[in-house]
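Below is one structure, written out as structure tokens; comments come after it.
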Amino acid sequence: MNRSDASGDPPVLPDLMEAYLAHLDVQKGYSPATLRAYRDDLFSFEHYLVSRGATASAPEHLTKIHVRGFLAELHRQGMRKTSMGRKLSSLRGFFKFLQTKKRISTSPMASIKNPKPEKRHPKALNVDQAVSLMDAGVGRDPIMARDTALVELLYGSGLRISEALSLDVEDIDPSSGVVRVMGKGSKERLAPLSDVAKERLTEYIALRHAFHAQPAEDALFLGVRGKRLQRRQANRILEERSHTAALPESVSPHMLRHSFATHLLQAGADLRGVQELLGHAHLTTTQRYTHLDLMRLMQVYDNAHPKAASGKKK
């Protein structure tokens, strides 16, 4: 059984799989793109079955051994666990459909669990890159002043982009050294401002009037039309600034927040203190943001562990 040739025709599937796709199309109203993804998932499973002398045309003979063998083959091919999980989801739907049609009494997917997804750590800038990004657009132009103040706030205080963009003018007094932030779950916290952030925010606030704020618009960060700056605009600001700073890739707001936490830890900050600064309810959430590189861990070990110290003395 082979995928159709380069003509672009969809893969040919057993009748039962075609019936399931028709069900998703007519009864569930799935989009063409989603249907194509399901078709590809079912095809790869059928292709595996045929290579093992089986077929979905006789589903009553399929067992969890076939499914596990399929998973093992995907793993051998180097497929990501998220993609493997999607294929398993497609198969669960297919076998559930067969159960409703009385073609099988039990599903071979009953005891099959999705692979645990890989733990991803958000990327962080190194200190030199962060400094380059901060210095990429300092100036008295109102837009430049706004962009610089926003970037300094995201990196210098570790704010979420949603927190920064939801700030009103009354929420911030640069001379106080803190900013009042409404975080997730409507939890309010005070985030400290760096000396540079205080300067940049003061410069921007003095020029904010140039954006001609709409009536009753109290937002701190304004767009060129006088309305609250939106997330898409903020992402574009960071993209342009990354290009100006000649960074190897575009920087996201989340990357700045992660860089803030990582650099604090590398400088010796306490994990629970960083947790409070980030506004995390649970320490485990902070730990996902703040992994340290191996060199830093070895440095901590060499400086603090008694065995390491005694080893150096010998």
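The values are calculated or read from the model by the stated rules, or taken from the named source; none is laboratory data. Note that this is a predicted model, so its numbers are computed, not measured. Glycine gets a Cβ as well: all are built from the backbone with ideal geometry, and neighbour counts include every protein chain shown.
Of all the residues that make up region 189-224, how many are among the polar types (S, T, N, Q) and within 29 Å of the chain's Cα centre (by Cα)? Don't jump to the end; show me each part of the working.
Taking region 189-224 first, the residues among the polar types (S, T, N, Q) are 194, 202, 214.
When the remaining residues are screened for being within 29 Å of the chain's Cα centre (by Cα), the result is 194.
Qualifying residue count, region 189-224: 1.
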If I ask for residues that are in a strand (DSSP E or B) and either over 20 Å from M255 (Cα atoms) or out of contact with any Lys or Arg (no Cβ under 8 Å at 6 or more places or on another chain) (or both), which ones from region 144-190 would you list? D168, I172, D173, V178, V179, R180, M182, E188, R189, L190
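How many residues, within region 238-266, are surrounded by fewer than 20 Cβ atoms within 10 Å (Cβ to Cβ) and assigned to a helix (DSSP H, G or I)? Full working, then the answer.
Pass one, region 238-266, residues surrounded by fewer than 20 Cβ atoms within 10 Å (Cβ to Cβ): 239-240, 243-250, 252, 254, 263-266.
Filter once more, keeping what is assigned to a helix (DSSP H, G or I): 239-240, 243-244, 254, 263-266.
Going through region 238-266 one residue at a time, the tally reaches 9.
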Residue in region 179-188 that is farther than 22 Å from M144 by Cα, touching a residue at least 40 places away in the same chain (Cβ under 8 Å) and either more than 23 Å from the chain's Cα centre (by Cα) or outside the structural domain of I161 (by TED's automatic domain parsing) (or both) present: no
Could you identify the single residue in L71, L35, L49, L13 that is aliphatic (A, V, I, L, M), surrounded by 15 or more Cβ atoms within 10 Å (Cβ to Cβ) and not in a helix (DSSP H, G or I)? L13
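Can you tell which of A110, A136, A124, A145 is surrounded by fewer than 16 Cβ atoms within 10 Å (Cβ to Cβ) and among the hydrophobic types (A, V, I, L, M, F, W, C)? I'd like the intermediate steps shown before the answer.
On the way: A136 fails: surrounded by fewer than 16 Cβ atoms within 10 Å (Cβ to Cβ); A124 fails: surrounded by fewer than 16 Cβ atoms within 10 Å (Cβ to Cβ); A145 fails: surrounded by fewer than 16 Cβ atoms within 10 Å (Cβ to Cβ).
Only one candidate qualifies: A110.
Test L42 against the stated conditions and say whether it is surrounded by 14 or more Cβ atoms within 10 Å (Cβ to Cβ) and over 15 Å from D15 (Cα atoms). Quick ask: steps written out before the conclusion?
On the way: surrounded by 14 or more Cβ atoms within 10 Å (Cβ to Cβ): yes; over 15 Å from D15 (Cα atoms): no.
For L42, the condition - surrounded by 14 or more Cβ atoms within 10 Å (Cβ to Cβ) and over 15 Å from D15 (Cα atoms) - is not met.
Filtering region 83-104 down to residues that are basic (K, R) and in a loop (DSSP other than H, G, I, E, B), which residue is surrounded by the fewest Cβ atoms within 10 Å (Cβ to Cβ)?
So in region 83-104, the residues basic (K, R) come out as 86-87, 92, 96, 101-103.
Subsequent filtering for residues that are in a loop (DSSP other than H, G, I, E, B) retains 101-103.
Values: K101: 13, K102: 7, R103: 14.
Filtering first and then ranking leaves K102.
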Tally time: how many residues in region 16-32 are within 10 Å of G93 (Cβ to Cβ) and either of a type in the set (S, T, Y) or exposed (fewer than 15 other Cβ atoms within 10 Å of the Cβ) (or both)? 2
Condition first: out of contact with any Ser or Thr (no Cβ under 6 Å at 6 or more places or on another chain), among the hydrophobic types (A, V, I, L, M, F, W, C) and assigned to a helix (DSSP H, G or I). Can you find one or more residues in region 113-127 that meet it? yes
Does region 33-40 include one or more residues that are over 16 Å from N114 (Cβ atoms), modelled with pLDDT under 95 and of a type in the set (V, I, T)? yes
